[in-house]
Amino acid sequence: MILQRLLCFSTLLRSSLSVAIRRNIGFTAVVFNKTQNLDPIQKLFIDKIRDYDAKSKKAGGPVDAGPEYQKNMEDEIAKLQRLYGGGDLTKFPDFKFEEPKFDEVGK
């Protein structure tokens, strides 16, 4: 009886310990990667992403988009407004649902 309880306790302890170790290893791996020097290819990739993000914020939209892009965008928006009845296509629509009116049925 005591042996069974010890085995049960050790199984429970082992499973909870393995979960805690997996979580800690996963967390420390992320922290370790942030503090460790990146491989040159990864560093170049991250630098390009940060550069594109800065250019995108500065331009207020797509990077290196010329007047042709703007013209195509305006044409597509006009086409969609014609198809779907106008409105501002740059914002999410407001939905208004009304409560249905039910008639009482007499018995």
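Accessible surface computed residue by residue for the stretch 51-94, with neighbouring protein chains in place and a 1.4 Å probe, gives 90 Å² per residue. Working from label points 7 Å from Cα in the Cα-to-Cβ sense, the L80 to F45 distance is 3.1 nm. Shape descriptor for the stretch 35-101: Rg over Rh equals 1.26 (Cα atoms; Rh from the Kirkwood inverse mean 1/r). Per the 1.4 Å probe, what fraction of the accessible area of the stretch 38-93, in percent, lies on carbon and sulfur atoms? Result for the stretch 38-93: 59 percent of the exposed heavy-atom area is carbon or sulfur.
The values are calculated or read from the model by the stated rules, or taken from the named source; none is laboratory data. This is a predicted model, so every value here is computed, not measured. As a convention, Cβ positions derive from the backbone with ideal geometry for all residues, glycine included, and neighbour counts pool all protein chains shown. Accessible surface is based on the protein model in full, side chains and every heavy atom, while ligands, DNA and RNA are left aside. Shrake-Rupley method; radii C 1.70, N 1.55, O 1.52, S 1.80 Å.
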